[in-house]
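The values are calculated or read from the model by the stated rules, or taken from the named source; none is laboratory data. Predicted model only: the values in this text are computed from it and were never measured. Cβ coordinates were reconstructed from backbone atoms using ideal geometry, including for glycine residues, and neighbour counts include every protein chain displayed. These accessible areas exclude ligands, DNA and RNA; they are computed on the full protein's heavy atoms, side chains included. Shrake-Rupley method; radii C 1.70, N 1.55, O 1.52, S 1.80 Å.
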Amino acid sequence: MPRYKLTIEYDGSDFFGWQRQKDQISVQEVLEEAVFKFSGERAQVFASGRTDSGVHALGQVASMDLERSFPADKVRDAINFHLRPARVAVLATEIVDEEFHARFSATERSYLYRIINRRAHLVLDHQRAWFVPQKLDVAAMHEAAQVLVGTHDFTSFRAKECQAQSPVKTMNRIAVSQMGEEIRIELSARSFLYHQVRNIAGSLKKVGLGKWTGEDLKRVLAARDRSVAGEMAPAWGLYFVSVSFDATEQDVGHDPSVGPEPARQ
């Protein structure tokens with residue numbers, strides 16, 4: 001039974017998140033239906049991170065098993081054929097070792113949060129970024145964000161619906177930068193709490209507006225109280241960017257014809 005690793009891009013605007021739901025359309029559902037249409041098999045597609053309603057992905061990674069073996073490029077092209085017109089695409093497909101699992105083999109997940117900082121309302125970036133018309137101090141946001149790097153209790157940035165067993169997470173990297181009107185908040189960690197990235201983005205906005213300093217953000221982190229943190233940023237500014245895997249768990253059956261608790265945001 002071959003196992004396939006899929007790298008997936010999607011626009012989350014029309015979906016109620018990654019995970020299959022009873023009465024709402026999800027990314028997982030349209031992928032599994034596309035797999036069934038080409039293979040005739042009811043395969044379950046496991047994602048590295050279960051994105052929330054409205055959240056996008058540039059490089060989501062998933063894995064699935066099929067009873068029959070197909071060339072990796074055929075799997076990619078066949079799924080994409082049956083995905084249309086859904087705004088989901090399989091960018092790459094690889095045959096991997098049976099020990100590989102998109103969720104449990106992941107060692108780091110990376111997210112991007114986009115803010116468009118200008119006076120005019122959004123047109124091309126509507127539902128693609130958070131519109132903030134007030135001027136933000138990007139240097140102050142980046143400096144303050146470094147308070148969150150390392151291992152901490154992130155209760156202040158955790159949604160009350162979060163089902164993670166512990167609020168303690170290790171943030172490997174946070175960087176805030178600007179290119180023109182776009183402010184980019186980039187975050188990497190092994191796993192994230194529910195709404196953690198969006199709550200961090202909302203708190204960094206307060207720093208950018210000059211309402212908070214890095215010391216205030218440190219105080220919020222230490223409080224372990226969601227009510228003292230900033231607002232939750234909207235889902236449409238968030239992108240699941242990429243996943244890293246341990247080198248020993250990478251694909252060993254790669255087709256040469258091809259030219260933890262999961263994160264949930």
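Things to note:
- Cα-Cα over 20 Å, subset of 135/205; 169/206; 135/169; 5/169: 169/206; 135/169; 5/169
- Mean ellipticity per residue at 222 nm, deg cm²/dmol - from DSSP H runs of n ≥ 4 across the chain, formula -39500 (n - 2.57): -6500 deg cm²/dmol
- The Cβ shell under 12 Å around residue 172 holds other residues with a net charge of +2, Lys and Arg each +1, Asp and Glu each -1.
- Charged-residue dipole, Cβ positions (Lys, Arg, Asp, Glu), the range 118-221 about Cα centre, Debye nearest 20: 180
- Listed options for Cα extents along the principal axes in Å are (i) 58, 39, 37; (ii) 52, 40, 37; (iii) 55, 49, 32. The value calculated from this structure is the one marked (i).
- A probe of 1.4 angstrom, applied to the heavy atoms of all protein chains, finds residue 37 with accessible area near 130 square angstrom.
- Modelled this way, with points 7 Å down the Cα-to-C-beta line, the labels at residue 44 and residue 104 are 1.2 nm from one another.
- If you sort 161, 41, 98, 33 by accessible surface, 1.4 Å probe, largest first, the order is 98, 161, 33, 41.
- Extending 7 Å from the Cα toward the beta-carbon at both residue 77 and residue 209 defines two label points whose distance is 5.2 nm.
- Three-way shape call for the range 48-166 based on the alpha-carbon gyration tensor, with the a/c threshold at 1.5: oblate
- Working note: Karplus 6.51/-1.76/1.60 with θ = phi - 60° gives the range 13-28 the couplings 4, 9, 10, 8, x, 6, 6, 4, 10, 5, 10, 10, 6, 10, 5, 4 Hz, where Gly and Pro are set to x.
- Pairwise label distance in nanometres, residue 89 with residue 24, each label 7 Å out on the Cα-Cβ vector: 2.6
- Ligands, DNA and RNA excluded, the heavy atoms of residue 125 present near 50 Å² of accessible surface to a 1.4 Å solvent probe.
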